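Working notes, beginning with the structure itself.
Just so you know, all these numbers are worked out from the coordinates, no wet-lab data involved. Just so it is clear, the model here is predicted, and its values are computed rather than measured. Please note: Cβ atoms are built from the backbone with ideal geometry, for glycine as well, and neighbour counts cover all protein chains shown.
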Amino acid sequence: MTQAATKDQETAEREAYIARYGVAPGEADHATLLRMIEDQMNEGLKTKVEPFPETDKEFAALLDELRPLSADQLREKLVISGWLLKPYGEEEMRCQECMYYLVHKRWCDLPELSLPAEPDWWCRLWRI
């Protein structure tokens, strides 16, 4: 995709958020961002839960994919990070046990994501 086409897609996504929620993700408050995430996931958004990054190199590669995304590219952040609204795997890993999760703020503090999250949610950037 060309840089112009990517920018057009990003603008269209931003406008769609504004039409639906009255605000783009980059300006949304905590509650609105939670609703945006839940709506997309409940409407069938498929995210990349596999492969789980087993090494620091694989983890860094995912961060490299996320880093250039703007705060308004919420959908892409959710897809790349493998976001789920439920615990994952045999061990039922969840945000609450992740080192990036701020319990009292209900927030993922990984700079490349920086999104609200519920304790029982999960993404493949989960770290202990």
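Within region 17-99, list the trypsin sites (Lys or Arg not before Pro) lying in a DSSP loop whose Cβ has at most 11 other Cβ atoms in a 10 Å radius.
Those that pass, being in a loop and sparsely packed, are Lys46.
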**Q.** Proximal lysines relative to Lys86, as straight alpha-carbon distance under 20 Å, when same-chain residues fewer than 8 apart are discounted
**A.** Lys46, Lys48, Lys77, Lys105
Q.
Where in the chain is the longest stretch that carries no GluC sites (Glu not before Pro) classed as loop by DSSP and with at most 10 other Cβ atoms within 10 Å?
A. 1-42
Q: Per DSSP H run of at least 4 residues, take -39500 (n - 2.57); add these up for the chain, divide by its residues and hand me the 222 nm value, nearest 500 deg cm²/dmol.
A: -12500 deg cm²/dmol
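If a/c stays under 1.5 just call it rounded; otherwise compare a/b with b/c (prolate if a/b is bigger, oblate if not). Do that for region 1-100, with a ≥ b ≥ c from the square roots of the Cα gyration tensor eigenvalues.
It comes out oblate by the Cα gyration axes.
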Q: Take every Cα pair under 8 Å in region 3-116 that's 6+ residues apart, average their separations, divide by the length, and report that relative contact order as a whole percent.
A: 24 percent
Q. How far apart, in nm, are the 7 Å Cα→Cβ label points at Asp120 and Ala31?
A. 2.1 nm
Q: For His104 paired with Lys57, estimate the spin-label separation in nm (one decimal), with each label point 7 Å from Cα along the Cα-to-Cβ line.
A: 4.0 nm
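Relative to the Cα centre, what is the charge dipole magnitude of the chain, using +1 at the beta carbon of each Lys and Arg, -1 at the beta carbon of each Asp and Glu, and rounding to the nearest 20 debye?
160 debye
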Q | Amide proton proximity set for Tyr101, modelled H, under 5 Å, gap of 5+ | A | Asp109
Q: Report the paramagnetic label zone for Leu45: residues of region 110-128 whose backbone N is under 20 Å from a point 7 Å from Cα along the Cα-to-Cβ axis.
A: 110-127
**Q.** Dipole-positive endmost among Gln73, Met41, Trp122 within the chain (Cβ charges, Cα centre)
**A.** Gln73
